[in-house]
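Down below is the structure, laid out as structure tokens.
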Amino acid sequence: MAGGEPRERTALIVTVLNEARTIDALLESIATQTRPPDEVIVVDGGSHDGTWQRLEPWRARLPLQLIRAPGAGIARGRNLAIEAASASLIAVTDAGVRLERDWLEQLQAALGEDVNVVSGFFTAEASTTFERAMGATVLPARTDIDPETFLPSSRSVLFRRSAWHKAGGYPEWLDYCEDLVFDLALKRDGCRFAFAPRANVWFRPRGSLAAFFRQYFRYARGDGKADLFRRRHALRYATYAVMVILLCRRGVGPLLLLALGALAYTRRPYARLWALQEGRSVPEVVCALALVPAIRLVGDVAKMLGYPVGVWWRLRHR
């Protein structure tokens, strides 16, 4: 109760696919929320690793509704979950994460009468040197966030059901970047966003360069499909073209320009990584620092390969 008025009911939705190893940690973090959700709706896209069987016992601790939807992508699964919900507020997170105990409470506290969407935050829960370097390289720190322009990830967000309906739901024609396209639709509809920096979820970054390459290839392919960030992708191609030209030149000048450019490009990741190195051994620190440019390079190559694949798909599916 707030001022004598009953608080709005909240449904927490999750889509899962083969998450038997991680689903219990997520559901435990939901069950121990300081302000628990009124509904928890989980859509299983066709797991075959025992995820469904692990979900069933949680009905005793959570107001859990389970939906089986074999073959459903993330966007379709989220839309199905929201359609099945009766609450007016929808909180969304992902499988494979762990919620801070006051995650939902922090999201709800930031939802004023004139706010339609509350963006939460997300932090890498790294257990290896590689994962620490990965998290520092690809994820923003709270101080990097501009609340006026930040577009939330659907691993940590709360919005009004009416805003979801007006925006047309999550775009089911996209397999990746569906939450970003949904955010942009909400923006176009005039929704007001708020940022709740303490509404945090923890998740494991990719644990290898191969897994990271696949992830960023798919993200960039999604950008191409949805016609997102043309200028950003064009700038990346131009930057690497200049790098190739400089590498072909002789002399100290081109090498110095390359070194300065690389330093500027990795400055923020190194700053974030350095803050995580307290108590680490010298070999661990050196290894982590060496991984940053490698992760940057692999991510950029994945994006430059994935984006034209998405553009070609869009041209063929107009």
In whole angstrom, the spacing between the Cα centers of segment 250-318 and segment 122-160 equals 17
At 1.4 Å probe size, with every protein chain present, just tell me what the per residue accessible area of the chain comes to in Å².
51
Approximate spin-label separation residue 294-residue 9, in nm, with each point projected 7 Å along Cα-to-Cβ
5.2
Report residue 100's accessible area, 1.4 Å probe, all protein chains in place, as a number in Å² to the nearest 10.
60
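Any idea what the dipole of the chain comes to, in debye rounded to 20, about its Cα centre with Lys/Arg Cβ at +1 and Asp/Glu Cβ at -1? Kindly include the intermediate steps, with their values, before the conclusion.
Values: 43 positive and 33 negative charges, 271 e Å.
With Lys and Arg at +1 and Asp and Glu at -1, about 1300 debye.
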Using R₀ = 30 Å, calculate the FRET efficiency as 1/(1 + (r/R₀)^6) where r is the Cβ-Cβ separation of residue 113 and residue 271; round to 0.05.
0.20
Label points 7 Å out from Cα along the Cβ direction at residue 34 and residue 83: separation in nm?
3.7
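Give the dimensionless ratio obtained when the Cα radius of gyration of segment 121-252 is divided by 2.2 N^0.38 Å. Please report the intermediate quantities before stating the final value.
On the way: Rg = 17.8 Å, N = 132, 2.2 N^0.38 = 14.1 Å.
This ratio for segment 121-252 stands at 1.26.
Sorted from largest to smallest, which semi-axis lengths in Å does the alpha carbon gyration tensor of segment 24-113 give for its equivalent ellipsoid, taking the root of 5 times each eigenvalue?
Working: eigenvalues 97, 52, 26 Å².
Equivalent ellipsoid semi-axes, largest first: 22, 16, 11 Å.
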Taking the dipole about the Cα centre of segment 73-152, with the C-beta of Lys and Arg at +1 and of Asp and Glu at -1, give me whichever of 88, 122, 77 is farthest to the positive side.
77
If I model a spin label as a point 7 Å beyond the Cα along the Cα-Cβ vector, how far apart are those points for residue 142 and residue 49 in nm?
3.2
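Would you mind telling me the antiparallel percentage of the DSSP bridges in the chain, rounded to 5? Each step should come with its number before you reach the end.
Values: 11 of 33 bridges.
Antiparallel bridges: around 35 percent, rounded to the nearest 5.
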The ratio Rg/Rh over the Cα atoms of the chain, Rh being the Kirkwood inverse mean 1/r radius, stands at 0.99
Hey, what angle do you get for helix 209-226 against the long axis of the chain, alpha-carbon based, 0 to 90 degrees rounded to 10?
70
With DNA, RNA and ligands ignored, accessible area of residue 202 (1.4 Å probe; Å², nearest 10)
70
Multiplying the sequence separation of residue 211 and residue 252 by 0.36 nm and subtracting their Cα-Cα distance, what value in nm do you get?
11.1 nm
Mean residue ellipticity (222 nm) of the chain, computed from DSSP H runs ≥ 4 via -39,500 (n - 2.57), nearest 500:
-15500 deg cm²/dmol
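Sorting 38, 300 by accessible area (1.4 Å probe), largest first, what list results?
Working: 38 50, 300 5 Å².
Accessible-area ranking of 38, 300, largest first: 38, 300.
Determine the order of 118, 298, 242 by accessible area, beginning with the largest, at a probe radius of 1.4 Å.
Numbers: 118 0, 298 35, 242 80 Å².
Largest to smallest exposure gives the sequence 242, 298, 118.
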Low-density loop trypsin sites (Lys or Arg not before Pro), segment 83-170, at most 16 other Cβ within 10 Å, DSSP non-H/G/I/E/B, are 101
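Taking 0.36 nm per intervening residue step and subtracting the Cα-Cα distance, what contour gain separates residue 239 from residue 260 on full extension?
6.2 nm
Report, to the nearest whole %, how much of the accessible area of the chain belongs to carbon and sulfur atoms, 1.4 Å probe, protein only.
Numbers: 9320 of 16210 Å².
C and S atoms contribute 57 percent here.
Give the residue list of trypsin sites (Lys or Arg not before Pro) in segment 39-85 that are DSSP loop and have at most 14 other beta-carbon atoms within 10 angstrom. Please list the in-between numbers first.
Numbers: sites: 54, 59, 61, 68, 76, 78; in loops: 61.
Answer by residue number: 61.
In percent, what relative contact order does the chain have, based on Cα pairs under 8 Å that are 6 or more apart in sequence? Mind showing how you got there, number by number?
Working: 538 pairs, mean separation 61.4, N = 318.
Contact order relative to length: 19 percent.
When N counts the residues of segment 37-170, how does its alpha-carbon radius of gyration compare numerically with 2.2 N^0.38 Å, as a ratio?
Details: Rg = 16.2 Å, N = 134, 2.2 N^0.38 = 14.1 Å.
The value comes to 1.14.
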Provide the solvent-accessible area of residue 317, counting protein heavy atoms only and rolling a 1.4 Å probe, rounded to the nearest 10 Å².
100
Report the net charge of residues surrounding residue 166, where surrounding means a beta-carbon distance below 14 angstrom and charges are Lys +1, Arg +1, Asp -1, Glu -1.
+3
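The values are calculated or read from the model by the stated rules, or taken from the named source; none is laboratory data. None of these values were measured; they are calculated from a predicted model. For neighbour counting, all protein chains shown are included, and Cβ atoms are generated from backbone atoms with ideal geometry for every residue, glycine included. When the accessible area is computed, the model is the full protein with side chains, heavy atoms only, and any ligands, DNA or RNA have been set aside. Shrake-Rupley method; radii C 1.70, N 1.55, O 1.52, S 1.80 Å.
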